[in-house]
Amino acid sequence: MKKILCAGNVSVDIKAYSTEIDETEAYRDGTIELVPGGVGRGMAINLKHLGMETFIHSVVGKDIFGEYLRNGLEEEGVNTALLSESEDRKTALFSVMASRGKSATCVYSTQVLREITFDSKIEKFIEENGISAIVMDSNLSEETLAGFYAYKKAHPDIFVFQNATAPDIARKTMQYAPLIDLFGCNEFEAAAILGETSLLPDLTTADKFQALGYKNFIITFGEQGVMVRIGKDTWNEPPYTPSHIVDTIGAGDAFASGFLMGFLENDPVKLCIHYGLACAKETLLTRQTVSDKLSKDFLTKYQMK
């Protein structure tokens, strides 16, 4: 069984949505949901569902949100030995607000994530637990990223998956591109990395991206599907579109998890993409950021109609 350390964001998403149209954006009737989120958390649980042994490296506050997240991770079987509690900061929160006909907006508080560190304790933990792969999101501080990549440079056999996470922080790991075994982003994050306003899922985009040093990467393009470049080979696949979309949050992380599972097991790339698309589709059908349906057995039997 592969052992994977997931380092990054563990947070709570507060989702507010209204079907009412109100140009003043004042009081509107709608729904408000509290959903556990975060790239680090999502990847750890998805990969656990898919048969990996996962460990989370993050920080929460000493508050009800931190307790809520820790309990949820432990119920899923994720090892929380490296889930620390901050003495001074509150658990990371994302408030997502949307209404019919309007783009969603997000307000977030993630200062606690600055306390995620890489030190001799983490290095010892990796070695004592036989960690073979590290999954990181770009919410990590510059110092922490530098620590992880120094470790990767000294231990080239350990596999590193790097998630771009968001357009405003997507460029943080560019200097480490040659050390990244697999990079994951969406079209907006890829455009930010390349310094362009928009991209097409074509060979020109793949070549530009690889010229930056990323040898293997996946770029999701929403309704246009996904582009994957592994070495010199490129794949473009359409999405597995559900009959309706409940929520898009978490779908990109689900694709990355499904693809990564297959990739770590040396499955053919086409099959890895199938796993990723199936995970993304099932996640689009739930309000949660992780689908309870996912498992390795579920994916191997997954058939598209």
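The values are calculated or read from the model by the stated rules, or taken from the named source; none is laboratory data. Everything numeric in this text was worked out from a predicted model, so none of it was measured. Neighbour counts run over all protein chains shown; Cβ positions are idealised from the backbone, glycine included. Side chains are part of the model used for accessible areas, which takes the heavy atoms of the whole protein and leaves out ligands, DNA and RNA. Shrake-Rupley method; radii C 1.70, N 1.55, O 1.52, S 1.80 Å.
Before moving on, here are some points about what is shown:
- Among the residues of the stretch 140-168, those identified as under 25 Å from Gly276 (Cα atoms) and at pLDDT 95 or above are Leu140, Asp157, Ile158, Phe159, Val160, Phe161, Gln162, Asn163, Ala164.
- Residue check for Ala278: crowded, with 21+ Cβ neighbours inside 10 Å, touching a residue at least 60 places away in the same chain (Cβ under 8 Å) and out of contact with any strand residue (DSSP E or B) (no Cβ under 7 Å at 6 or more places or on another chain): no
- Sub-9 Å Cβ pairs linking a first residue in the stretch 160-173 that is closer than 23 Å to Leu264 by Cβ to a second residue that is among the charged types (D, E, K, R) and not in a helix (DSSP H, G or I), at least 6 apart or interchain, are Val160/Asp181; Phe161/Asp181; Gln162/Asp137; Gln162/Asp181; Asn163/Asp137; Ala164/Asp137; Thr165/Asp137, ordered by first then second residue.
- 2 or more residues β-branched (Val, Ile, Thr) and crowded, with 22+ Cβ neighbours inside 10 Å: qualifying strands (runs of 3 or more DSSP E) within the stretch 33-102: 53-61
- Verdict on Asp253 being within 17 Å of the chain's Cα centre (by Cα) and among the charged types (D, E, K, R): yes
- Some residue of the stretch 228-249 being out of contact with any Leu (no Cβ under 7 Å at 6 or more places or on another chain), part of a helix (DSSP H, G or I) and surrounded by 13 or more Cβ atoms within 10 Å (Cβ to Cβ): no
- Some residue of the stretch 171-185 being out of contact with any Phe, Trp or Tyr (no Cβ under 6 Å at 6 or more places or on another chain), small (Gly, Ala, Ser) and part of a helix (DSSP H, G or I): no
- Number of residues in the stretch 113-145 that are loosely packed, with under 15 Cβ neighbours inside 10 Å and of a type in the set (Lys, Arg): the value is 2.
- Number of residues in the stretch 103-112 that are open to solvent by less than 40 Å² (accessible area, probe 1.4 Å) and either among the aliphatic types (A, V, I, L, M) or free of Cβ contacts under 8 Å to residues at least 60 places away in the same chain (or both): the value is 1.
- Pairing residues of the stretch 44-56 that are touching a residue at least 24 places away in the same chain (Cβ under 8 Å) with residues that are of a type in the set (Asp, Glu) and surrounded by 24 or more Cβ atoms within 10 Å (Cβ to Cβ), at Cβ distances under 7 Å and at least 6 apart in sequence or on separate chains, gives Asn46/Asp253.
- Residue in the stretch 152-201 that is nearest to Phe221 (Cα to Cα), counting only those that are among the acidic types (Asp, Glu) and surrounded by fewer than 21 Cβ atoms within 10 Å (Cβ to Cβ): Glu187
- All of (1) open to solvent by less than 50 Å² (accessible area, probe 1.4 Å); (2) assigned to a helix (DSSP H, G or I) hold for Asp207 with one exception: (1).
- Just one of the numbered conditions (1) open to solvent by 60 Å² or more (accessible area, probe 1.4 Å); (2) without any contact (Cβ under 8 Å) to a residue 12 or more places away in the chain; (3) not in a helix (DSSP H, G or I) is not true of Asp267: (1).
- Positions within the stretch 270-297 being closer than 13 Å to Asn46 by Cα and either part of a loop (DSSP other than H, G, I, E, B) or among the β-branched types (Val, Ile, Thr) (or both), in sequence order: Thr283, Gln288, Thr289, Val290, Ser291, Asp292, Lys293, Leu294, Ser295
- Selection over the stretch 205-246 of residues that are of a type in the set (Gly, Ala, Ser), without any contact (Cβ under 8 Å) to a residue 24 or more places away in the chain and touching a strand residue (DSSP E or B) at 6+ places or on another chain (Cβ under 8 Å) gives a count of 1.
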